[in-house]
Amino acid sequence: MKGPVHIIGASAIGPQEVFDRDGLEAVTVHDGHPMKAIEPDLIRYIDPVRGRRMAKVAKYGISNALNAMERAGVKDPQAIIVGTGLGCMESTERFFGPLFQNDEQLLNPTAFIQSTHNNVAGQIALRTGCTGYNYTYLHRGASFTSALLDGAMQVGLEGAERVLVGGCDVVTSDYYLIQRRSGLWKQHQVRNVDVLQDGTPGALCGEGSAFFVLDPGQDHRGSVRLVDVDMSFNGEVHEVAHHIQERLERSSFDPQEVDLVMLGYSGDAASDGTYDPVRALFPNATVACFKPLCGEYYTANAWGTWLTWSALVSGRLPQEIILGGPARDRFQRAVLYDHYLQRDHSLVLLERP
């Protein structure tokens, strides 16, 4: 990057009570899955009458975006970039259900209009009056990382300011059942705080949304520098740690000075071993994981990025997700690494300015 990139505001919604907060105060225990997002009072951002006809992903995305801007003191973003794996699947199902039941007659155009994947980014633009760069990435497990990388380039290379970047996905009942048959989810119910000890294939299904305001300036209470973003596809497991080490060297990010490593351990016995070589790169760091709190879904790393940002800003992490390392009340440098099905690998480097 030619210039600095800072996160000056962030907001998240998920299976934990984190909306409009700097950190997670207490872990919400889920006895099974799918782990549904805890919907906060969104009346400040969503009209209740209109909200009844909106898909959840749109409500969560719009509310998160507006809340992140409010917390950053921003009213007019120059760009809006969203990553999503499922898009507005809920509206898609609302459209296709009657399509089959009514023999393709008397269709509701509203559900069709709201089913497009760029619906969230478009509605945010309408609410904020943004006529600038507007893009939606649909890259499965790399959807949010693609959006974050684009946002970082818009600020660090193109000189843009007040760039809004987010990731959001909401699971539907049909999608959950289909993917459960594929083996993606666990076939039995297990508490989220116990999932790492379960030792069986599959992860807990989750959902959520997280948005960030990127800006070159850092004069903000919640400012965290975005040092680097990287993603790779279908890399060999033994090559992941080497690739991350090369990215750290390029960014002058000394592994010995990293004091927080956030990993995507999900409780899936078939893929969690990928994180072990990465964990070994950082001997002095506090090691934590985020998916027991939010579950697994395409843009779970957006929620994980929020949790990492939260730890840097507030100095707090729930004990339930700390896997090892020294206890700290302040974090300076953090690394987030996550993969989706061992194919979409994401790396985010953050530090306090």
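The numbers here are math on the coordinates, done by the rules we state, and not lab data. Model, not experiment: these values are computed from the prediction. Ideal geometry is used to build each Cβ from the backbone, glycine not excepted, and the neighbour counts take in all protein chains shown.
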At the level of C-alpha centres, the distance separating region 30-59 and region 234-251, in angstrom, is 38 Å
Residues of region 126-146 with amide N under 14 Å of the 7 Å Cα→Cβ point at residue 45: 126-128
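Please figure out what share of the DSSP beta bridges in region 242-353 is antiparallel and state it in percent, rounded to the nearest 5.
Just about 55 percent of them are antiparallel.
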Note, region 267-277: 3J(HN,Hα) by Karplus (6.51, -1.76, 1.60, θ = phi - 60°), whole Hz, Gly/Pro = x, goes x, 7, 4, 7, 10, 5, x, 4, 7, 4, x
Under 5 Å between amide hydrogens, which residues at least 5 positions from residue 325 or on another chain qualify, with H placed 1.01 Å from N in the peptide plane? 287
Find, to one decimal place in angstroms, the Kirkwood hydrodynamic radius of region 224-351, where the mean of 1/r is taken over every pair of different Cα atoms and then inverted. 14.3 Å
Can you compute 3J(HN,Hα) from phi for each residue in region 282-297, using the Karplus curve 6.51 cos²θ - 1.76 cosθ + 1.60 with θ = phi - 60°, rounded to whole Hz and x for Gly and Pro? 10, x, 9, 8, 7, 9, 9, 9, 10, 6, x, 8, 10, x, 9, 6
Take the Cβ-Cβ distance between residue 194 and residue 343 as r, set R0 to 25 Å, and report the resulting FRET efficiency rounded to the nearest 0.05. 0.40
Of 336, 260, 157, which is the most mobile in a GNM of the chain whose springs link Cα atoms less than 10 angstrom apart? 157
Given only helices, namely DSSP H runs of n ≥ 4 each adding -39500 (n - 2.57), what is the per-residue ellipticity at 222 nm of the chain, to the nearest 500 deg cm²/dmol? -9500 deg cm²/dmol
Cut-off under 30 Å on the C-alpha distance; same-chain residues fewer than 8 positions from residue 56 excluded. Which lysines are left, in chain and number order? 36, 75, 186, 291
May I ask you to derive the FRET efficiency for residue 329 and residue 70 from their Cβ-Cβ distance with R0 = 30 Å, giving the value to the nearest 0.05? 0.65
Checking rank on 52-59, 249-256, with mean other Cβ inside 10 Å and highest first, the result is 52-59, 249-256
Can you give the FRET efficiency for residue 103 and residue 174, using 1/(1 + (r/R0)^6), R0 = 22 Å, r = Cβ-Cβ distance, to the nearest 0.05? 0.60
Read phi for every residue in region 42-54 and hand back ³J(HN,Hα) as whole Hz from Karplus 6.51 cos²θ - 1.76 cosθ + 1.60, θ = phi - 60°, with x for Gly and Pro. 9, 5, 5, 10, 10, 5, x, 5, 5, x, 5, 9, 8
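What is the Rg over Rh value, at two decimals, for the chain, using alpha-carbon atoms and the Kirkwood definition of Rh?
Working: Rg = 19.3 Å, Rh = 20.2 Å.
Rounded to two decimals, Rg/Rh equals 0.96.
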